[in-house]
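Working notes for the structure below.
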Amino acid sequence: MSIKFKASVVQAAPVFMDLDGCVDKAIGLIERASQEGADIVAFGECWFPGYPWWIWLSPTAHNVQYFQQYHENSLVVDGPQFKRLGQAAKDNNIFLSFGASERDHGSLYIAQFLFDNEGNLLKGRRKLKPTHMERTVYGDGDGSDFDVVDTELGRIGQLACWEHLQPLSKYAMFSMHEQVHIAAWPSFSTYPQAYALGATANNAASQVYALEGQCYVLAPCGVLSQEMYDVLVTTEEQAELIGVGGGFAQIYGPDGSPLCEPLPENEEGLLFAEIDLGAITIAKSFADPVGHYSRPDVTRLLFNKTRQLPVDVLSPTDLASQEDVVIETDDNVEK
């Protein structure tokens, strides 16, 4: 029997660079999604504590003024705010996906987290490669950050923003037979002169992901509020680069069809859609890029899922085993 459930995506502004404020607001949205009968709710990229739009508006030296507050308000795994979000998922019997600026000691990462409806963390991941100016703030993920989790709602995966423009990354996700994909976006508020950064092009990336992967795509999106604008914009030049609004959340079916009536771009709220995983079977019968529609004899992907660590700590046992190794030289090789 096909799995059916109700999904929701958030289109809302964070409480900018205020982690506790973001969590308070998020819990209200989680409660509302649950009350409306949703089984999963998804928030956009870096919704906690907001996407650092200042990186696109000024030189890095100027932006240092924002960094300490942003760093201190970034989310720490297993910290009190993190646990509050897990508890909110449990209290409201709802799966929860959200994007965050993750603080790991001295470094930040663009992260996504998935909790089940009992408040258990199913997956935490980091964006493989921050995009352009994001590299002045965030570190890289690695292959272990590509994963699809088997849940009672189906096989769920996550990517952030322009990871949806990376063909090999998408194919790695497709190879794990994803059924529900969360495509997290920050908002489409900056550089109106750049079509590639706008809502039309990037919503098309979410839509094509659904079509290529024959999966449902939940595409939550942030909004840039007037309060955020007032913090970020201090010159006429900056005002030409960013604007209030930018919310374009949507949910797509496995045939690429949009399933929701969109909200106005400056309006906050939730979008809902009915999900029927049985529809994926029909879409797959036409094209399965990692199955009957593949040609591995011509092209294939090399996928390294190993976690990459900057330090490998050797145990006493490891050191002892190294001491037992005999290195052969001309002096100790029998002739």
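The values are calculated or read from the model by the stated rules, or taken from the named source; none is laboratory data. Owing to the predicted nature of the structure, the values given are computational and were not obtained by experimental measurement. Backbone-built Cβ (ideal geometry, glycine too); neighbour counts: all protein chains shown. Calculation scope for accessible area: heavy atoms of the full protein, side chains included, ligands and nucleic acids excluded. Shrake-Rupley method; radii C 1.70, N 1.55, O 1.52, S 1.80 Å.
A compact table of results
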{"read-out": "Test: residue in segment 192-215 that is modelled with pLDDT under 95 and either of a type in the set (Asp, Glu) or more than 22 Å from GLY50 (Cβ to Cβ) (or both)", "value": "yes"}
{"read-out": "Selection within segment 14-30 - within 14 Å of SER74 (Cβ to Cβ), in a helix (DSSP H, G or I) and aliphatic (A, V, I, L, M)", "value": "LEU19, VAL23"}
{"read-out": "Tally, over segment 36-66, of residues that are of a type in the set (Phe, Trp, Tyr) and surrounded by fewer than 16 Cβ atoms within 10 Å (Cβ to Cβ)", "value": "0"}
{"read-out": "VAL149 β-branched (Val, Ile, Thr) and open to solvent by 10 Å² or more (accessible area, probe 1.4 Å)", "value": "yes"}
{"read-out": "Residue in segment 283-294 that is surrounded by 10 or more Cβ atoms within 10 Å (Cβ to Cβ), farther than 30 Å from LYS25 by Cβ and either of a type in the set (Asp, Glu) or modelled with pLDDT under 90 (or both) present", "value": "yes"}
{"read-out": "Subset of segment 247-258 that is part of a loop (DSSP other than H, G, I, E, B) and in contact with a Pro (Cβ under 9 Å, 6 or more places away or on another chain) - its residue that is surrounded by the fewest Cβ atoms within 10 Å (Cβ to Cβ)", "value": "PHE248"}
{"read-out": "Residues being within 25 Å of ALA38 (Cα to Cα), under 18 Å from the mean Cα position of the chain (by Cα) and open to solvent by 50 Å² or more (accessible area, probe 1.4 Å) - total across segment 72-90", "value": "0"}
{"read-out": "Every residue from segment 1-30 that is open to solvent by less than 30 Å² (accessible area, probe 1.4 Å) and of a type in the set (Ser, Thr, Tyr)", "value": "SER8"}
{"read-out": "Candidate set from segment 108-136 (those that are in a loop (DSSP other than H, G, I, E, B) and either touching a strand residue (DSSP E or B) at 6+ places or on another chain (Cβ under 6 Å) or aromatic (Phe, Trp, Tyr) (or both)); member that is nearest to MET173 (Cα to Cα)", "value": "LYS127"}
{"read-out": "Condition met for LEU224 (within 24 Å of LEU159 (Cβ to Cβ), open to solvent by less than 30 Å² (accessible area, probe 1.4 Å) and within 22 Å of the chain's Cα centre (by Cα))", "value": "yes"}
{"read-out": "Among (1) open to solvent by less than 10 Å² (accessible area, probe 1.4 Å); (2) over 24 Å from TYR109 (Cβ atoms); (3) out of contact with any Gly (no Cβ under 8 Å at 6 or more places or on another chain), the one test that ALA201 misses", "value": "(1)"}
{"read-out": "Filter pass, ALA33 being surrounded by fewer than 16 Cβ atoms within 10 Å (Cβ to Cβ) and part of a helix (DSSP H, G or I)", "value": "no"}
{"read-out": "Subset of segment 158-183 [more than 13 Å from ASP145 (Cβ to Cβ) and crowded, with 19+ Cβ neighbours inside 10 Å]", "value": "CYS161, TRP162, HIS164, LYS170, PHE174, HIS177, GLU178, GLN179, VAL180, HIS181, ILE182, ALA183"}
{"read-out": "Segment 89-107, subset touching a Gly at 6+ places or on another chain (Cβ under 7 Å) and not in a strand (DSSP E or B), residue nearest to THR136 (Cα to Cα)", "value": "ALA89"}
{"read-out": "Residue check for THR299: surrounded by fewer than 10 Cβ atoms within 10 Å (Cβ to Cβ) and either farther than 30 Å from GLY28 by Cα or modelled with pLDDT of 95 or more (or both)", "value": "yes"}
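Residue by residue, here is whether (1) basic (Lys, Arg); (2) within 26 Å of SER101 (Cβ to Cβ) holds:
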residue: ASP142; (1), (2): no, yes
residue: PHE146; (1), (2): no, yes
residue: ASP150; (1), (2): no, no
residue: ARG155; (1), (2): yes, no
residue: MET173; (1), (2): no, yes
residue: ASN203; (1), (2): no, yes
residue: GLN207; (1), (2): no, no
residue: GLY213; (1), (2): no, no
residue: GLU227; (1), (2): no, yes
